Amino acid sequence: MAHGRSLELGPICLLMGILNVTPDSFSDGGLLDRDGAVVDTAKKMRAQGASILDLGGESSRPGSATVDASTEQERVLPALRAVREACPEILLSIDTYRASTARLAVIQGAHIVNDVWGLQREPDIAHVAAETGAGLCIMHTGREREKLADVIEDQKYFFARSFEIALKAGVSESQIVIDPGFGFAKDADENFELMARFAELHELGFPILIGTSRKRFIGHATGRDTADRDVGTAATTALMRAAGAAVIRVHDVAINRDAVTITDAMVDRLLAHGA
């Protein structure tokens, strides 16, 4: 990652806390639009067990308004600096598809670039990762294109293009984590199909980050509103960690820390018995 930092992914599940400094994110919009609130939440998430904090300045929920680069940067860069100063030990991720925002964020302390368009909206963002050494999370999306009918084949099709962009730009494979993009142009059936066939994603050869937190498909199954989906989220966290997810991106760190702790203890026992 950038600034000489590194992570070993796999043996211990890592939690990435979500810090949205936006007025309109689907779950926490407007709650962290002051530096003090961001810092307080960052400290709380770190104490609860987050290893990474992911800061975003533009909502990616369906139907959200697009903002320009300067607005995104005005939101996220002061928050990033404040969190970096208050929690210097925490790893910081910038949630953006814009190369300009990613570059400024890494210069000002971010270690990871998290692109929800999988490098395919602004391919130059791959050069930012290559030049700075930043970790690079490449997310799958089905938005603004025709998807293949099979969810895993569509993952492979999309990521093939993303990997081509990354490697051509000079990104090292050791910098890359992939995210199957739960909820991004996927209906409930597709999300559960993706969960059921999660093990097939390991064929792509990269560590996997998942972001199911409070997503609509959890509400579809449980009947609960957005703010009341943390228990459902923890269930998906346990299932996906057992299936090999390396990083879990969540709003509620505490409940998901318990979920992965129990899952890892169970997996350790299974391995001890040769299961």
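No value in this document is a laboratory result; all are computed from the given coordinates. Computed from a predicted model, the values in this text were never measured in an experiment. For neighbour counting, all protein chains shown are included, and Cβ atoms are generated from backbone atoms with ideal geometry for every residue, glycine included.
Tabulated data
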read-out: ³J(HN,Hα) computed for each position of region 110-121 - Karplus, 6.51 cos²θ - 1.76 cosθ + 1.60, integer Hz, glycine/proline x; value: 5, 9, 9, 10, 10, 10, 6, 9, x, 6, 9, 8
read-out: Separation in nanometres of the label points that stand 7 Å from Cα toward Cβ, at residue 226 and residue 153; value: 3.4 nm
read-out: Cβ-derived FRET efficiency at R0 45 Å, residue 185 paired with residue 273, nearest 0.05; value: 0.65
read-out: Most fluctuating residue given options 84, 46, 161, as computed from a GNM of the chain linking Cα atoms under 10 Å; value: 161
read-out: Gaussian network model of the chain, Cα within-10 Å springs - most flexible of 104, 201, 80; value: 104
read-out: Which label in (i) 49, 39, 37; (ii) 74, 46, 42; (iii) 55, 53, 35 gives the computed Cα extents along the principal axes in Å; value: (i)
read-out: Label-to-label distance, nm, for residues given as residue 85 and residue 235 (7 Å Cα→Cβ offset); value: 4.4 nm
read-out: Sequence-distant lysines (8 or more away, or on other chains) whose Cα lies within less than 28 Å of residue 147; value: 156, 168, 186, 215
read-out: Residue among 203, 122, 58 with the largest mean-square fluctuation in a Gaussian network model of the chain, springs linking Cα atoms under 10 Å; value: 203
read-out: Label-point separation in nm, residue 255 to residue 203, each point 7 Å along Cα→Cβ; value: 3.4 nm
read-out: Net dipole in debye of the chain [+1 Lys, Arg Cβ; -1 Asp, Glu Cβ; about Cα centre; nearest 20]; value: 360 debye
read-out: The chain - mean residue ellipticity at 222 nm from DSSP helices (-39,500 (n - 2.57) per run, n ≥ 4, rounded to 500); value: -13500 deg cm²/dmol
read-out: FRET efficiency, 1/(1 + (r/R0)^6) with R0 30 Å, evaluated for residue 161 and residue 193 via beta carbons; value: 0.90
read-out: Dipole moment magnitude, nearest 20 debye, region 56-166 about Cα centre, only Lys, Arg, Asp, Glu C-beta charged; value: 100 debye
read-out: Sorted largest first, extent of region 134-248 alpha carbons per principal axis (Å); value: 44, 28, 22
